[in-house]
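Since every read-out is calculated from the coordinates, none of them should be taken as a lab result. Fair warning: this is a prediction, and the values are worked out from it, not measured in the lab. Heads up, the Cβs are rebuilt from the backbone with ideal geometry, glycines too, and the neighbour counts pull from every protein chain shown.
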Amino acid sequence: MSDTSRTTTTRSAALGSTAMSRTPQEAQPVFLFYSGKGGVAKSTEALKFNYHCIKAGKVPTLADADFIVQDLILAHHQEQDCHPIKLSEEDGFTALADVIASTQAGSPIIVSCPGGQAEIFNDNAPVILIAARNAGRRVIVMSPMDLHVNSYSHVPEVEQAMPEAEIYLVRPRWFGRPEQFVAFNASQLGKRYLAAERVIDVPLMPAALARAFKDGEHSLHWIELNGSGGEKASLEAWREKSRRAYARFLG
């Protein structure tokens, strides 16, 4: 067995039912930024990941499913297609399936999901999996968390509801450094995901960029082109560190 095959087998064994699939790469994945807890930076991480995809030469299709504040739509205005979807109801999952089916294969699909809504999400998750499978796409769940146990307690249920999905847990730096996630790091779930290299540590976004997104309702791409000198400098200083965190998904 080659070193690469051995590493893949080890990671897969550590995760059991969420083992990585080796599906054809012609069709880009569906990335779901989802958590059973609100306020863990799902839309911010989706925005950052979208920016890195664009820099890598891929133009994602966006779906903003946060029915309370649709941050992606506010930030992107007319820059990219951004579908307003409500994953708080069954019809929203059908609408997302339509987006998956109609999007060109070369475009990644990035979905910012609402916080909470765990029961309806798990009940309807198979609709997403089937639509992605029919389109030849992988489903990758990115689940940001904070220092509280209830920010990752939903993961076993997502594993059961989406057995074909690849699940990654995201530790954003504004909630603490990796070693400060003490309860997660010591938990059986944490040990399993760390062993499988399914935990992503993302760097702190500079305050100037966070303000431009949240208050100014601008995307990172807009800031790169039109931001102030300070905003552009902050973006350039932070960009490579952030890109490295998500490099495995950028090709």
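With +1 on the Cβ of every Lys and Arg and -1 on the Cβ of every Asp and Glu, and nothing else charged, how large is the dipole of the range 3-249 about its Cα centre, in debye rounded to the nearest 20? Provide the component values of the computation, followed by the final result.
Values: 26 positive and 28 negative charges, 217 e Å.
Dipole of the range 3-249, to the nearest 20 debye: 1040 debye.
Provide the net charge surrounding I200, with neighbours chosen by a C-beta distance below 13 Å and charges set as Lys +1, Arg +1, Asp -1, Glu -1.
Values: positive: K48, R171, R173, R198, K241, R243, R244, R248; negative: E45, E166, E197, D201.
That sum, taken over residues with Cβ under 13 Å, equals +4.
Looking at the range 3-249, what % of its DSSP beta bridges pair antiparallel, to the nearest 5? Intermediate results must be reported in sequence, preceding the final value.
Working: 0 of 25 bridges.
If I count the DSSP bridges inside the range 3-249, around 0 percent turn out antiparallel.
When ranked by the protection proxy of mean other Cβ atoms within 10 Å per residue, highest first, what sequence do the peptides 109-121, 54-66 form?
Details: 109-121: 21.5, 54-66: 19.9.
Top to bottom by mean Cβ count within 10 Å: 109-121, 54-66.
How many percent of all Cα-Cα pairs in the chain sit more than 26 Å apart? Provide the component values of the computation, followed by the final result.
Numbers: 11474 of 31375 pairs.
Considering the chain, 37 percent of its Cα-Cα pairs are separated by more than 26 Å.
Enumerate lysine pairs in the chain that are 8 or more residues apart or on different chains, then count those whose Cα atoms are under 20 Å apart.
Counting lysine pairs in the chain gives 15.
Report the local net charge at F181: Lys and Arg +1, Asp and Glu -1, summed over other residues whose C-beta lies under 15 Å from its C-beta.
Working: positive: K37, R171, R173, R177, K191, R192, R198; negative: D146, E179, D201.
So the surrounding residues net to +4.
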